[in-house]
Amino acid sequence: MNAVSVSRRSFLAASLAGGAALTFEAKLAFAAAPGAAAPAMLGVFVSIAPDNTVTILAKNPEIGQGVKTMLPMLIAEELDVAWSQVKIQQADDNADKYGPQFAGGSMTTPLNWLPARQAGAGARAMLVAAAAQQWGVPVASLTTADGKVMHAASGRSVTYAALAPVAAKMPAPDLEKVALKDPKSFKIIGKSRPGVDTPAIVRGEPLFGIDAHPAGMLYAAMVKCPVISGTLKSFDDAAVRKEKGVLAVVPITDGEIPAGKHNAVAIVGDSWWRVHKAREKLAVQWDTAGFDGYSTEGYAAQAKALLGAAPAKDLFKAGNADAALAKAAKVVSADYAYPFLAHATLEPQNCTALWHSDGKLEFWAPTQDPATARGDIAKVLGIDPASMTIHMTRIGGGFGRRLMSDFMIQTACIAKAVPGRPVKLLYDRTDDLRNDYFRPGGWHRMTAGVDASGALVALKDHFITFGENGKPMRAAGMLASEFPGPALADVHYGMSLLKTNLTTGWLRAPTSNAVAFVFQGFLDEVAEAAGTDLPSLMIKTLGAPRSFPSSDPDEPAFNTGRARGVVEAVCKFAGWTGKRSTTPGKGRGFGFYFSHRGYFAEVVDLTVADGQITIDKVWVAGDIGSQVINPMGAEHQMQGAVIDGIAQAMVWQPTEQKAGAITTENFGDFPLIRINQTPGEVAITWVVTDNPPTGLGEPTLPPVIPAIANAIKDATGKRLRSLPLTLA
Amino acid sequence: MAISLTVNRKPRTVDVEADKPLLWVLREDLNMPGTKFGCGAGLCGACTVILNGEAVRSCQTPLADAAGKDIVTIEGVTASPVGAKVVEAWTNLDVPQCGYCQAGQIMSATAMLTANPKPSADEVTAGMAGNICRCATYLRIQKAIAEASKAISGAAA
């Protein structure tokens, strides 16, 4: 048996310290070469080559949400070039230079709508200034189009390429003052553009993290502690080291990987298949004391007991909910629940890193949040954040999983042990499903009162979630300002907390994907009790257009007028009559939700036959402000999010935990939605409002979940209050 | 022991363990990373290749079983007229979101349309049910297969 601390060093001497000399100039085969020789940089995002090719850096991680196409569209629009001239290149992580570079919270659009256009307009201003100087004419006499500057009075025109060397030396304009186009003259924004990587994807070119292959690369597989938060006690790697291709065994015990310990033993070698197979030869002992009592069943039993007690903490209290309920004409009460879920990105977690001989660390990483990863790695390994280079690869699905840094920290620990050799850590599917930052489960006891006129007058929610010391864990909270609370006089939202050893995190439309189901499902019950339908109850409760500030200072206010706009739009779009279904097995349901700055209302038609639920059609009305930037990308995000929501509602199975350990194996017991479970149609309509454009990665997802539950009630009379929705 | 196979019409010889799955032979030994690892259990279809005309899960195909066989991967799929039409339709409709599953989807669609150039809607869902798309691009996959089917039938007529 090796003591952990000793063994880390011993393997180094044994395997690699004297290894072959390797080039550190490891470059990915897929690292795009810049357009042509000597391109001139105009600002940090735009360079123009002598052939008038315009290279635009895409600064944010591409997880399939389309930002690698969308952000350059904003820049190209204001730069006033033809889209056909544009080449797009992924930027490395450098937030000081490029601004925020994360892919999360559907924030890329709201954060960049203005700055990206200003960057394009600033580069254009430098080109126009160069032409004005060259021709000795006023800037105001010049126009631009398709990568050229024109002087109408003299009929002269010149390409951006010809101006670029001079323009690059012009003083940078004040981006806050630079003129932006009137949206009416947009040529690129608002026009459908296919994904910039689509041609490379369909050719099978290496683009993803898993495809990174710096010269001399080694592979690593991990044996993880089966119980999250458990620690490595001891291991014996003598048998592993005899396996073909195995070069090193590296215990990973360094520090605290964000919000949870993820101890592991990594096996490093010349083939991932070999090192993965060698895992069975590793003898390892873990210390899981104190964590093996946690289980799915245990949480449910604790939650049931807590629901009956008073909340441990108030989230929001207005008026006197109990007194109002006592006076109400009707009182409705129901318990709702939803399970822990994994993210299951199709590209398993992976990362490639090279610990250079000078101590610098270089990554090829499918990360949604490189800046946070940089900080986390620096903290855990005790290194300078500036000593790291992070190349961002295309990402085979994010859904929030890759906002976390665990897989990068683990790779850094392994790379440190094999200096001079790039190494790729790859999880297998079971590793991936068990070592996640799970969407936390939760329980809600909802109680509502309606008055004689059918108006919602009082609401209570006792929310059972996970956390400690009065604070929910990551992605386990709910907003104190959750609608309809702020619209009512008598409200009490309270919270009680359970403990878990698991790590929790953001899953696409985090908290919203659960809370929407609970609130909109429950309000459908309230509407029924009030003798009305959910859209009518919503419109009545929303009332006059007004804004309710969010209880989270980082979150936007909730505007009841915009909410009403999409509720009415989807009802019109779907031909909603409010009448209950009269055809056995056919049902129709409604759901609304506001999240990630987007207002969405959805209607679901479904059929229940032989206990099977088939989604026939989904109608979506969305308000994301004044402009849809890339319509074909937008439609794709929304259809994908709706189907993802259907999957969460009825296909995905709970991530089960027994004796502390997650028991999920693979897509057999964690099934993902397939083509034969897809609705026939997802129809979309827009409500365009005079608000800055916001993102589409997430807000379409939440409303479909309650809409399905409500449609099942309509079809069968059965009210399902627990996810996944199953007709037992 | 060296094992010979044909990949995208080129003869290749690899000298690795005979039980190494074709997926990892392609990715690690033949430098063809277009074929993707998703589950390692034949459940997701990300690793689909065409072996002697049939769509197979390369993660479940030991190298020994591929010996002497004719293998088509995403890197070579456009060499067949059907594969070229499928890729063209995928591009026109901009099917990918993250794109990770799409090599497998294209290989399954190509094998299906080669055997059955005019599948019904039910045949499409049955034929493609083995390929998971976590981004749920299924509506466009259906459209792309319909477009490719039309193009293939048009070309044949």
Which of the residues that make up the stretch A:372-395 are surrounded by 22 or more Cβ atoms within 10 Å (Cβ to Cβ), in a helix (DSSP H, G or I) and not basic (Lys, Arg)?
A:ALA373, A:ASP376, A:ILE377
Any chance the stretch A:677-697 includes a residue that's in contact with a Leu (Cβ under 9 Å, 6 or more places away or on another chain), assigned by TED's automatic domain parsing to the domain that holds A:VAL620 and hydrophobic (A, V, I, L, M, F, W, C)?
yes
Take the stretch A:224-242 and flag every residue that is part of a strand (DSSP E or B) and either among the small types (Gly, Ala, Ser) or over 17 Å from A:ASP428 (Cβ atoms) (or both).
A:VAL227, A:THR231, A:LEU232, A:LYS233, A:SER234, A:PHE235, A:ASP236
Strands (runs of 3 or more DSSP E) wholly inside the stretch A:550-633 containing at least 2 residues that are over 26 Å from A:ASP714 (Cα atoms):
none
Condition check for B:LEU30: under 28 Å from A:THR345 (Cα atoms), surrounded by 22 or more Cβ atoms within 10 Å (Cβ to Cβ) and within 13 Å of chain A (Cβ to nearest Cβ):
no
Test: A:THR664 is under 20 Å from the mean Cα position of the chain (by Cα), crowded, with 21+ Cβ neighbours inside 10 Å and of a type in the set (Val, Ile, Thr)
no
Would you check which residues across the stretch B:120-142 are within 8 Å of chain A (Cβ to nearest Cβ), among the hydrophobic types (A, V, I, L, M, F, W, C) and without any contact (Cβ under 8 Å) to a residue 60 or more places away in the chain and list them?
B:VAL124, B:ALA126, B:MET128, B:ALA129, B:CYS133, B:CYS135, B:ALA136, B:LEU139, B:ILE141
Determine whether the stretch A:215-223 contains at least one residue that is of a type outside the set (Gly, Ala, Ser), surrounded by 20 or more Cβ atoms within 10 Å (Cβ to Cβ) and part of a loop (DSSP other than H, G, I, E, B).
no
Of everything in the stretch B:33-49, what is more than 8 Å from chain A (Cβ to nearest Cβ) and surrounded by 23 or more Cβ atoms within 10 Å (Cβ to Cβ)? Give them in sequence order.
B:GLY45, B:CYS47, B:THR48, B:VAL49
Could you pull out the residue among A:GLY477, A:GLY449, A:GLY470 that is assigned by TED's automatic domain parsing to the domain that holds A:GLU656 and within 22 Å of the chain's Cα centre (by Cα)?
A:GLY477
Any chance the stretch B:102-119 includes a residue that's modelled with pLDDT of 95 or more, outside any helix (DSSP H, G or I), facing another protein chain (nearest Cβ under 9 Å) and touching a Pro at 6+ places or on another chain (Cβ under 7 Å)?
no
Quick check on the stretch B:84-99. Is at least one of its residues surrounded by fewer than 23 Cβ atoms within 10 Å (Cβ to Cβ) and more than 13 Å from every other protein chain (Cβ to nearest Cβ)?
no
Being within 11 Å of chain B (Cβ to nearest Cβ), crowded, with 23+ Cβ neighbours inside 10 Å and either out of contact with any helix residue (DSSP H, G or I) (no Cβ under 8 Å at 6 or more places or on another chain) or over 23 Å from A:LYS586 (Cβ atoms) (or both), is that true of even one residue in the stretch A:705-725?
no
In the stretch B:11-25, what residues are more than 10 Å from every other protein chain (Cβ to nearest Cβ) and either in contact with a Phe, Trp or Tyr (Cβ under 7 Å, 6 or more places away or on another chain) or touching a residue at least 12 places away in the same chain (Cβ under 8 Å) (or both)?
B:ARG12, B:VAL14, B:ASP15, B:ALA18, B:LEU22
Would a scan of the stretch A:65-81 turn up a residue that is among the polar types (S, T, N, Q) and more than 14 Å from chain B (Cβ to nearest Cβ)?
no
Could you check the stretch A:43-79 and list, in sequence order, the residues that are part of a strand (DSSP E or B) and of a type in the set (A, V, I, L, M)?
A:VAL46, A:ILE48, A:VAL54, A:ILE56, A:LEU57, A:ALA58
Quick check: anything in the stretch B:50-73 within 8 Å of chain A (Cβ to nearest Cβ) and free of Cβ contacts under 8 Å to residues at least 40 places away in the same chain?
no
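The values are calculated or read from the model by the stated rules, or taken from the named source; none is laboratory data. Please read these numbers as outputs of a predicted model, since none were measured by experiment. Note that each Cβ is placed from the backbone with ideal geometry, even for glycine, and that neighbours are counted across all protein chains shown.
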